[in-house]
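Notes follow the structure.
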Amino acid sequence: MVYGNSETDKGKILIVDDVEINRIVLGEIINNMGYSPVLAENGEMALELLKEGYPQLVLTDISMPGMDGYELCRILKGSEETKNIPIVFISAFDDPEDIVEGFFLGGADYITKPFISEVVQARVGVHLRLSEANRELMEMNRRLQVSVHEQLTQMELEKKNILYAMANIAAQYSGFDEEYTKRLGGNCGILAQGMQLSPLFEDKISDTFIDAIELAAPLCDIGNIGIPKEILQKKTEITDDEASVIQNHTSIGAKLLSDIYVSNDYNDFISTSIDIVHYHHENWDGSGYPEGLVQEEIPLAAQIISVMERYCTLTEKEDGSRESALETIRREAGIRFNPDIVEICCKISRQLS
């Protein structure tokens, strides 16, 4: 039952009491406050009425046949949709244990019978104002979170754009153009997809992993940004000292990425990028750098990049056909590369660009 002036009602207040006169008296008090009383004679009926819409406040008797006020409170506070609705208990008793129990369950206040209109209005008014203030605060927090998230997303996007710009510069230092880095990323994604279909790797490669490695692959040599250009582009044979300098690009790149803060949305991207940058020159037989990792010690993303970087480099040459590149990679399987990845690469090679 609902009554009140629909033109002036501020909102609904649910009144739950098994005694009709109590519902009527409270209903009149609430109506005089400008709110619409919704009357229920027991907890079960109250829950049915809640399906039609949520009130701003619940006034519930404690002692009722069937579902009592405490149980109704437990149910409401246990639901995500209704947990923030203030609940005020009403009872003919003012036993401290009853009051404490009500507060323990999440009740906001306690009103005793017989009802004094001014007391009911004062108590209800306080909790309605508190509830409204809480809703406004929650809405402000929601808007703030949206605003902060949008700003963080934009900042992270700008950081990624800077990383890619730096990666392109590093690639140019090494004699490659932007198309090469895009081709490398696309081919890594294709190889990872092929591996996902293999029983050997299906439990190691998720869709998220594939997306991350495709995005991260172009950053593999970003550390070259810290290597002297004249060494990277040297036409004659490099010295041992110069080779050591070039090898530092893995540590330089990993440190650069580690120092860049990213939000949770980009954790997969940045962690995959660091694995790739730091370990893509490790060899399957342990002869690589910077740490001389062996076989499965090498992160899977770095293993994939290692194969695809070799493939893309070989096919970039004027006389570099797909067949000759794959033949070279086959010979290096078990030495530089994971033989299982090489086998899959050869099977899906026609899909590579």
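Computed values, structure above
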| item | result |
| --- | --- |
| Residue match in the range 84-97 (condition: of a type in the set (Gly, Ala, Ser) and surrounded by 15 or more Cβ atoms within 10 Å (Cβ to Cβ)) | yes |
| Of the criteria (1) under 17 Å from Gly185 (Cα atoms); (2) out of contact with any Asp or Glu (no Cβ under 8 Å at 6 or more places or on another chain); (3) among the aromatic types (Phe, Trp, Tyr), which one Phe337 fails | (1) |
| All helices (runs of 4 or more DSSP H) inside the range 267-353 with 2 or more residues being of a type outside the set (Lys, Arg) and within 19 Å of Ala167 (Cα to Cα) | 267-279, 300-316 |
| Breaking point among (1) open to solvent by 30 Å² or more (accessible area, probe 1.4 Å); (2) touching a Lys or Arg at 6+ places or on another chain (Cβ under 7 Å); (3) β-branched (Val, Ile, Thr); (4) at pLDDT 90 or above, for Ile329 | (1) |
| Flag for Leu300 being open to solvent by less than 50 Å² (accessible area, probe 1.4 Å) and in contact (Cβ under 8 Å) with a residue 60 or more places away in the chain | yes |
| Single residue of Glu230, Glu202 found to be open to solvent by 50 Å² or more (accessible area, probe 1.4 Å) and under 30 Å from Glu343 (Cα atoms) | Glu202 |
| Every residue from the range 215-227 that is more than 15 Å from Ser271 (Cβ to Cβ), crowded, with 19+ Cβ neighbours inside 10 Å and not β-branched (Val, Ile, Thr) | Pro218, Asp221, Gly223, Asn224 |
| Residues of the range 110-132 satisfying the condition of being open to solvent by 30 Å² or more (accessible area, probe 1.4 Å) and either under 48 Å from the mean Cα position of the chain (by Cα) or β-branched (Val, Ile, Thr) (or both) | Thr112, Ile116, Val119, Gln121, Ala122, Arg123, Val126, Arg129, Leu130, Glu132 |
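The values are calculated or read from the model by the stated rules, or taken from the named source; none is laboratory data. These numbers come from a predicted model, not from an experiment. We place every Cβ from the backbone using ideal geometry, glycine too, and count neighbours over all the protein chains shown. Areas reflect the complete protein model, heavy atoms only, side chains present, ligands, DNA and RNA absent. Shrake-Rupley method; radii C 1.70, N 1.55, O 1.52, S 1.80 Å.
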